[in-house]
Amino acid sequence: MENQKNKKIWKMKTADKKWRTYLLSKKPNICAKCGLGGKLQVSHFWTASNSAVRYCEDNCDFLHYHCHYGNLDGWEYQKQGKYREWKLRQLGKKIYSELEKRYYQGKITRQEAIKELMQRIK
């Protein structure tokens, strides 16, 4: 059995690919906004630049490019509007509040987040 300390830490690009594959196994392969299938992107409700929520399933949804960034009605531009309303319905107030707290108060490095991901999706 390989010692965890000697195990090579994934680069972010590898971690993101593995995270997407993991999400595809857990969530429907349809756009959360329009409900259609096709080529989908991982959308992070709370920004992916925050390591505490980057690999958090409750923070991630699948969206088509058009529904994500494609125009001003894309949910990337509606995080305090339509996307937030949908997210509150999806998660409920309690889980939404826990996710928001994790976003604002969770302090971990990207490397720590990747290590946690590696443990979770072995």
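Work out, step by step, the length gained on full extension between residue 112 and residue 86: first 0.36 nm times the residue separation, then minus their alpha carbon distance; give nm to one decimal.
Details: separation 26, 0.36 × 26 = 9.36 nm, distance 2.98 nm.
This chain segment gains 6.4 nm when fully extended.
Counting beta carbons within 10 Å around each of 25, 51 and listing the fewest first gives the order 25, 51.
Placing a label point 7 Å from the Cα of residue 65 along the Cα-to-Cβ direction, the residues of segment 18-52 whose backbone N falls under 12 Å from that point are 39-41. The lysines whose alpha-carbon is closer than 19 Å to the alpha-carbon of residue 17, local same-chain residues fewer than 8 away aside, are 7, 8, 26, 27, 39, 115, 122. Remark: 14, 109 ranked as 109, 14, counting other beta-carbon atoms within 10 Å and listing the fewest first. Taking every DSSP helix (H) stretch of at least 4 residues in the chain, weighting each as -39,500 (n - 2.57) and dividing the sum by the residue count yields a mean residue ellipticity at 222 nm of -15000 deg cm²/dmol.
Find how much the distance from residue 36 to residue 98 grows on full extension, using 0.36 nm per residue of separation minus their present alpha carbon separation; answer in nm with one decimal. Intermediate values should be presented prior to the final figure.
Numbers: separation 62, 0.36 × 62 = 22.32 nm, distance 2.90 nm.
Full-extension gain reported as 19.4 nm.
Each residue, residue 21 and residue 78, gets one label point 7 Å from its Cα in the Cβ direction; the gap between the two is 3.2 nm. Over segment 8-117, all Cα pairs binned in 5 Å intervals from 0 give whole-percent P(r) values of 2, 12, 21, 24, 21, 14, 5, 1, 0, listed from short to long.
Taken together, the values in this text are just the output of simple stated rules run on the coordinates, not laboratory data. Just so you know, these numbers come straight off a predicted model, no measurement behind them. We place every Cβ from the backbone using ideal geometry, glycine too, and count neighbours over all the protein chains shown.
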